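Worksheet: one structure, shown below.
The values are calculated or read from the model by the stated rules, or taken from the named source; none is laboratory data. Worth saying up front: this structure is predicted, and the values here are computed from it rather than measured. Counting neighbours? That spans all protein chains shown, and the Cβs are built from the backbone with ideal geometry, glycine included.
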Amino acid sequence: MLKTLPRHAAMEQFPILEGELHIAGKPISMLAAELGQTPFYAYDTKIIDGQIKRLRETLPASIKLHYAIKANPMPALLQHMAARVDGLDVASGGELASALASGMSPADISFAGPGKRLEELDAAIRAGVLLNVESRREVEALADLSHQLGLPARVAVRVNPDFELKSSGMKMGGGAKPFGVDAEEVPALLTRIGELGLGFEGFHIFAGSQNLRPEAIIEAQQQSYLLALRLAANAPSAVTSLNLGGGFGIPYFPGDTPLDLAPISENLAALAARAAGELPQAELVIELGRYLVGEAGIYVCRVIDRKVSRGQVFLVCDGGLHHHLAASGNFGQVIRKNYPVIIGNKASPAQTETVSVVGPLCTPLDILAERMELAVAEPGDLVVVYQSGAYGFTASPRGFLSHPDAVEVLL
Ligand SMILES: *Cc1c(COP(=O)(O)O)cnc(C)c1O
């Protein structure tokens, strides 16, 4: 009798057939053999497409869907996204170059981020992308550069709101923050933007990340809308772009439930209807990262050694924190929790045991799963970490300890 491990509700995106996890129709052991190496990240385009389709079918048609590329900037994945979303949001000169190479029209690329260097501002003006300005210094620098280049600068003001996104994994607005311009300082900045003759387009308000509570997201979107409406009174020209942020979360931990899009969608429809009267030229934008790609990716590494230390079993793998900082619990988690993990080639195990899965690094932080019930595994078996399509490969200290790098594959 094969035992089925309790599976996370959201973890059904990858079928399990004949005891093996499959991705894009392939058993995981076959994919590992084809790639000729572990560890690797694999991303399934069908799952990404399904997520985009769900959003398109649920959200009002007038809402523009942007992809925040810091979640996963793999070039092949970006190219895939560029053909399917309405815009890309970047946060560095490097990301700008990747976004431009993806095929997305510069008209639909926006560039946020505190501390943009002059070279980055220069590249953004030349490319014709929208700059979400985050300080007075950026506004002055853009005016100078625009004058020197003889090219217009497109600007929106990133606002640090006077509210927070409640119960969010990472708060990025409200209170004292390095992100955006404090709401109370924005009217003066708008006056300055007008004096300098910059091409004003609107506002960008991003309150936070990884939220699974529709009420909290709805409240933040409503407050963002009202704040933008209030600020628009001082704007040098009509608001044509209003980025209401995102924050849509995905389930990572036991007890997390998938985000219910329906109430969020209703609220966005109501805001869109209001905007049609109050900010008639404004396009409403939401920007999502992990919600679009997080569930579509897995991280796979191989068990190198199985050790028993004073009664506790440790599976020591060829991958860990250096490739997947977030799964190790060191990327913004306050209390370490396990990402969903299985032994991918023993996914319907006859026997399970409680083990800790660790990486090869000489640091106690290098943990992929702590005391989890998994199939009884041996050296050679494949550990699969779910929910790894966002904040994995490029959000990890891959140089730390000089182990071989992971590879990425888009399927
Ligand atoms: C990081 C970031 C995002 C994406 O966040 P997710 O949680 O991945 O959706 C969107 N907008 C801004 C401004 C960000 O900094």
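Tallying residues that are among the hydrophobic types (A, V, I, L, M, F, W, C), touching a residue at least 24 places away in the same chain (Cβ under 8 Å) and surrounded by fewer than 24 Cβ atoms within 10 Å (Cβ to Cβ) within segment 319-340 yields 3. State yes or no: is Glu266 free of Cβ contacts under 8 Å to residues at least 24 places away in the same chain, of a type in the set (D, E, K, R) and either within 30 Å of His22 (Cα to Cα) or away from the ligand (no atom under 16 Å from the Cβ) (or both)? Yes.
Taking the criterion of being in contact (Cβ under 8 Å) with a residue 24 or more places away in the chain and of a type in the set (Ser, Thr, Tyr), the residues of segment 269-318 that qualify are Tyr291, Tyr299. What are the residues in segment 329-348 that are within 21 Å of the chain's Cα centre (by Cα) and within 16 Å of Gly297 (Cα to Cα), if any? Of everything in segment 329-348, those that are within 21 Å of the chain's Cα centre (by Cα) and within 16 Å of Gly297 (Cα to Cα) turn out to be Tyr339, Pro340, Val341.
Of everything in segment 381-411 that's in a loop (DSSP other than H, G, I, E, B) and among the aromatic types (Phe, Trp, Tyr), which residue is farthest from Phe331 (Cα to Cα)? First the steps, then the outcome.
Taking segment 381-411 and keeping what is in a loop (DSSP other than H, G, I, E, B), we get 381, 386-392, 396-399, 403-406, 411.
Those left that are additionally among the aromatic types (Phe, Trp, Tyr): 386, 391.
Details: Tyr386: 16, Tyr391: 9 Å.
For segment 381-411, the residue satisfying everything is Tyr386.
Just wondering, is there one or more residues in segment 265-283 that are under 28 Å from Gly319 (Cα atoms) and buried (at least 16 other Cβ atoms within 10 Å of the Cβ)? So far as segment 265-283 goes, no, none of its residues is under 28 Å from Gly319 (Cα atoms) and buried (at least 16 other Cβ atoms within 10 Å of the Cβ). Where strands (runs of 3 or more DSSP E) sit wholly within segment 1-103, those with at least 1 residues that are in contact with a Phe, Trp or Tyr (Cβ under 9 Å, 6 or more places away or on another chain) and not small (Gly, Ala, Ser) occupy 20-23, 40-43, 87-90.
Each residue in segment 374-405 was checked for being of a type outside the set (Ser, Thr, Tyr) and either within 14 Å of the ligand (Cβ to nearest atom) or touching a strand residue (DSSP E or B) at 6+ places or on another chain (Cβ under 8 Å) (or both), and 18 pass. Out of Glu287, Glu201, one residue alone is part of a strand (DSSP E or B), within 11 Å of the ligand (Cβ to nearest atom) and in contact with a strand residue (DSSP E or B) (Cβ under 8 Å, 6 or more places away or on another chain). It is Glu287.
Of the residues that make up segment 209-227, is at least one over 30 Å from Gly329 (Cα atoms), modelled with pLDDT of 95 or more and among the aliphatic types (A, V, I, L, M)? Among the residues of segment 209-227, at least one is over 30 Å from Gly329 (Cα atoms), modelled with pLDDT of 95 or more and among the aliphatic types (A, V, I, L, M), which makes the answer yes.
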